[in-house]
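Visitor: What follows is a single structure, and I will ask about it in a moment.
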Amino acid sequence: MRCMAANGAPGSPVPRTPDFDLSMDEIRAVTAFNLACALRVIDLFEAAHPHDERPRQALAAAADFVRGGPRSRAQRSSAPAAHRAAKEVSPAASHAAMAAGDAAASAYVHPLADGAQVGHVLRGPAHTVLALQLGPVNPLARAEAEAAVLQDATATLVEVLRRYPRVSGRGRDIAEVMDALDARLRAGTSG
């Protein structure tokens, strides 16, 4: 379905009014969490595809934003490129590439109370959990992988997450892991 602009031009998005305040520092905290998670597993992708730099470029774009750089085309273009790289490798490496792409994409979380925005906060960490579970060396049980990921959560991240609606997911591994991470972060049981 196409959105209509205020002037009625088809295809132009209608900007939504923010549902709450979200500062650039808070967005950087979300990206920093996603980045730290993705860095835990990037070696799984690079071992499988050592010459494919797309996930590493997404991590670099996310890191640039975390260090104070602007949201830019670097995050917008590297995120889907890393996601495309995920389609060409084993499941563990695929989750690692997805986590890298989601780290870059998390720079574009918006203050809108909808489930898609929760994905910007937790999808990358959920992919990290699945990569840790599927890793070829010393795979972790899901609870251990979740605990490892949650070590990187900050008070600011939890405060931001609590502004969004609770999204419950069932049926797909990624949705179930996001649901578990969400519940633990909101409850303050990250460790």
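The values are calculated or read from the model by the stated rules, or taken from the named source; none is laboratory data. Computed from a prediction, not measured in an experiment: that's the story for all the values here. Heads up, the Cβs are rebuilt from the backbone with ideal geometry, glycines too, and the neighbour counts pull from every protein chain shown. When the accessible area is computed, the model is the full protein with side chains, heavy atoms only, and any ligands, DNA or RNA have been set aside. Shrake-Rupley method; radii C 1.70, N 1.55, O 1.52, S 1.80 Å.
Visitor: Can you report the principal axis dimensions of the chain using only the alpha carbons, biggest first, rounded to whole angstrom?
Guide: Per principal axis, max minus min of the Cα coordinates gives 56, 39, 35 Å.
Visitor: Give me the mean projected area, in nm² to one decimal, of the convex hull enclosing the Cα positions of the range 104-176.
Guide: Average of the hull's projected areas for the range 104-176 equals 5.4 nm².
Visitor: OK, next. For the chain, take the longest principal axis of its alpha carbons; what is the angle in degrees between that and the long axis of helix 54-66, to the nearest 10 within 0 to 90?
Guide: It is inclined by approximately 60 degrees.
Visitor: Let me ask you something else. In debye, nearest 20, what is the charge dipole magnitude of the range 45-191 about its Cα centre with +1 on Lys and Arg Cβ and -1 on Asp and Glu Cβ, if you could check?
Guide: My answer is approximately 420 debye.
Visitor: Take the chain, connect every pair of alpha-carbon atoms lying under 10 Å apart with a spring to form a Gaussian network, then pick out the residue of Phe45, Phe20, Phe65 with the largest mean-square fluctuation.
Guide: For the chain, modelled as a Gaussian network with Cα springs under 10 Å, the answer is Phe20.
Visitor: Calculate, for the range 23-108, the solvent-accessible area per residue in square angstrom, rolling a 1.4 angstrom probe over the heavy atoms of the protein chains.
Guide: 42
Visitor: Could you grab the relative contact order for the chain? Cα pairs under 8 Å, six or more apart, rounded to a whole percent.
Guide: After rounding, I find 23 percent.
Visitor: At 1.4 Å probe size, put Met24, Met178 in order of accessible surface, largest to smallest.
Guide: Largest accessible area first, the list is Met24, Met178.
Visitor: Further, regarding this structure: Would you please give the FRET efficiency between His49 and Ser23, computed as 1/(1 + (r/R0)^6) with r the Cβ-Cβ distance and R0 = 41 Å, to the nearest 0.05?
Guide: For His49 and Ser23, the calculated efficiency is 0.65.
Visitor: Turning to a different aspect of this structure: Rounded to the nearest 0.05, what FRET efficiency do Ala141 and Leu112 give with R0 = 41 Å and r taken as the Cβ-Cβ distance? Could you check?
Guide: It comes out at approximately 0.75.
Visitor: Compute the orientation-averaged projected area for the range 146-187 from the convex hull of its Cα atoms and round it to one decimal in nm².
Guide: So the Cα hull casts an average projection of 2.9 nm².
Visitor: Between Arg186 and Ala155, what FRET efficiency comes out of the Förster formula 1/(1 + (r/R0)^6) with R0 = 22 Å and r the beta carbon distance, rounded to 0.05?
Guide: 0.95
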